[in-house]
Amino acid sequence: MGILTLEGVSQEFGGLLALDDVSLDVENEKIFGIIGPNGAGKTTLFNIITGIYTPTSGKVKYQGHQINGVPPYDVARMGIGRTFQNIRLFNKLSVLDNVKVGCHGVTKAGILSALFGLPGERLEEKEITLRSCKLLEMVDLYEKRMEYADNLSYGEQRKLEIARALALKPALLLLDEPAAGMNASEKVSLMTFIKEIRNNENLTILLVEHDMNVVMNICEQIAVLDYGRKIADGPPEQVKNDEKVIQSYLGVEA
Amino acid sequence: MNIMDALLSQYIDAYYLHIMVLIGINIILALGLNITTGVTGQLSMGHAGFMSIGAYTAAILSIHMGLPFWGSLLGGATAAAGFGFLLGLPTLRLEGDYLAMITIGFAEIIRVFFLNFEPGGKALGLSGIPEHTTFSVVWMIAIVVIVLNVKLLHSRIGRSFYAIRENEIAAEAAGINTTRLKVLSFMVGAFLAGLGGGLYAHYMTYIAPQDFGFMKSIEFLNMVVLGGMGSIPGTILGTVVLTLAPEMLRIVAEYRLLFYGAMLVILMIFRPNGLLGDVRWYDIKKRWFSKEVKTWES
């Protein structure tokens, strides 16, 4: 059994069945892709895993614990980091502070130790500043650490979101359309970057993406959703040649 | 401290001392609202309600219980923080306008409560509060509050307050328990309001429910918004400007409020983010530094 398993997960929104009996098994330290047409339920699936929605039925298990119904901040503290399809940065905070906020779930200084500057709090603060700077170096944003987050370019903002998610020291990283709005060369560097962080940090990565080039290149396993149903699951080669997938998503060559 | 106050009253006009004391008290109150509304982004329009809880509690503790000044101040502030907790817990799941409505309602309930509160002298108000608040007491407390504010906002907790204001969903995804921290920011804001209220009561020696009406809450909100939401120097500047303005505008006599309003409108047009809302030490330093570089090159 893998790090994350979904068993028969369904999600209804007032009569609309956004996800219908979806089961997934994400193996440890794999790059797992989820593809499908718009409105197939990919982002809904992410929101269920991270605890924003509680599924109508079914079970979500992470490292053996059932996590449906657990509030988002606890899911994050258990080691599931995520980025968002529509970028959600803390715009009026500096780039460095964005990453430092990301450390929140794995630090514990309270209000009193902050007010009185207790040694534990100072040490923790030093540690997270150092770690945040290292993460920013990794995504080439160290030079811009004092800029406001909303002054960054689109590609940089995407990278910053990843850095912020990594600050949580996650075991599972969810990337929602990481390549959206990037040009070809940015996509190439993004692919090497994703592979790199997987190898260096022993991460499992689950990603939603529309760019087939990116998905086929880096994913080791792919699940295809269509109208809330899983229609295929397997390694890229197999999915690419699957009848149903070609019909509903990849399209038939003329 | 008595010596210092005696010296000050020798050399400084009583009127100026009075205004300085008011500025100090208002800074404490406005910094409290700055944490709730400016930093955490939870629009609270009932700050005067918390202030009155602090003022009445401290006054009653001083008069009836005979507690020393510091004890009653702390008691008032704690009582206000307790009400902040009670109000925050059920309401902070609401956002923006709804929260504003509820805080207005809360402040009104508190005001009406004190209008009918026997030990508080009902509508007549409470008089005979011992006069303990002096210039040096106020400014000593204000400086401590400012320092602790700076420390708080640069800590893990302060950063998550800002994060909640900027994007709540992303904050939760970073492991921040947003409900808990919103309640905490509400409590800190209420604590400072209660502290300011206690100081106010022991300065005026007389308080009445109408001192803590809706307009008082709006006054504090003005200070925070005018100075710059979430900025400590901004809030202090906003407080100084808005406390001084009505005094300065005495020259235009009955047109005072007209000018006051016009000043607010003009300031908001030219500085929509508040006086110091988008000014950071880092940028100022960078600008100076880059100028030095340019002169070096030429």
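Each reported figure results from applying straightforward, stated rules to the coordinates on display, with no laboratory input. Remember, it's a predicted structure, so these values are computed and weren't measured experimentally. A quick note on method: Cβ atoms are made from the backbone with ideal geometry, for glycine too, and the neighbour counts reach across all protein chains shown.
Starting from the Cα of residue A:202, step 7 Å along the direction of its Cβ; do the same at residue A:63; then give the gap between the two resulting points in nm.
1.1 nm
Given R₀ = 30 Å, FRET efficiency for residue A:241-residue A:185 by Cβ-Cβ distance, to 0.05?
Between residue A:241 and residue A:185 the formula returns 0.55.
Tell me, what HN-Hα J-couplings in whole Hz come from the Karplus equation 6.51 cos²θ - 1.76 cosθ + 1.60 at θ = phi - 60° for each residue of segment B:131-146, using x for Gly and Pro?
Listing the rounded values in order: 8, 10, 6, 10, 3, 5, 4, 4, 6, 5, 5, 4, 5, 4, 4, 4 Hz.
Classify segment B:2-297 from the C-alpha gyration tensor, please: rounded if a/c falls under 1.5, else prolate or oblate depending on whether a/b exceeds b/c.
Judged from the Cα gyration tensor, segment B:2-297 comes out oblate (a/c at least 1.5, b/c at or above a/b).
Looking only at chymotrypsin sites (Phe, Trp or Tyr not before Pro) in DSSP loops with at most 15 other Cβ atoms within 10 Å, what is the longest site-free stretch of chain A?
Result for the longest clean stretch: A:1-115.
Using only atoms on other chains, find how many Cβ atoms lie within 10 Å of each Cβ of peptide A:44-53 and report the average.
1
Can you list residues whose amide H is under 5 Å from residue A:56's amide H, if they're 5+ apart or on another chain and H is modeled 1.01 Å from N?
The list, which skips near neighbours in sequence, is A:10, A:11, A:12.
Measure up A:61/A:159; A:108/A:187; A:100/A:144; A:61/A:244 against 25 Å on the Cα-Cα distance and list the ones that go over.
A:61/A:159; A:108/A:187; A:61/A:244
Karplus couplings for segment A:230-243 from phi (6.51 cos²θ - 1.76 cosθ + 1.60, θ = phi - 60°), rounded to Hz, Gly and Pro as x?
So the Karplus estimates, Gly and Pro as x, are 7, 10, 7, 7, x, x, x, 4, 5, 5, 4, 9, 6, 3 Hz.
Could you work out, residue by residue across B:177-186, how many beta carbons of other chains sit within 10 Å of that residue's beta carbon, and then give the average as an integer?
Mean shielding count: 2.
Give me a single rounded figure for B:161-168: the average over its residues of other chain Cβ atoms within 10 Å of their Cβ.
Taking the mean over all residues of the peptide, I get 5.
Within 10 Å, count the other beta carbons around each residue, average over each peptide in A:175-181, B:258-264, B:183-189, and list them highest first.
The most tightly packed comes first, giving B:183-189, A:175-181, B:258-264.
Which far-off residues, 5 or more places away or on another chain, put their amide H under 5 Å from the one on residue A:68, with H placed in the peptide plane?
Those lying under 5 Å, H to H, from residue A:68 are A:60.
Set the Förster distance to 60 Å, then compute FRET efficiency between residue A:28 and residue B:264 from the Cβ-Cβ distance, nearest 0.05.
Efficiency for this residue pair is about 0.50.
Going by a ≥ b ≥ c, the root eigenvalues of the Cα gyration tensor, does segment B:70-215 fall in the rounded group (a/c under 1.5), the prolate group (a/b larger than b/c) or the oblate group?
oblate
Per DSSP helix of 4 or more residues, -39500 (n - 2.57); summed, then divided by the residues of the protein assembly as shown. What does that give at 222 nm, rounded to the nearest 500?
-18000 deg cm²/dmol
Report ³J(HN,Hα) in whole Hz for each residue of segment B:59-72, in order, from the Karplus equation J = 6.51 cos²θ - 1.76 cosθ + 1.60 where θ = phi - 60°; Gly and Pro get x.
Values, residue by residue: 5, 5, 4, 5, 6, 8, 9, x, 5, x, 3, 4, x, 6 Hz.
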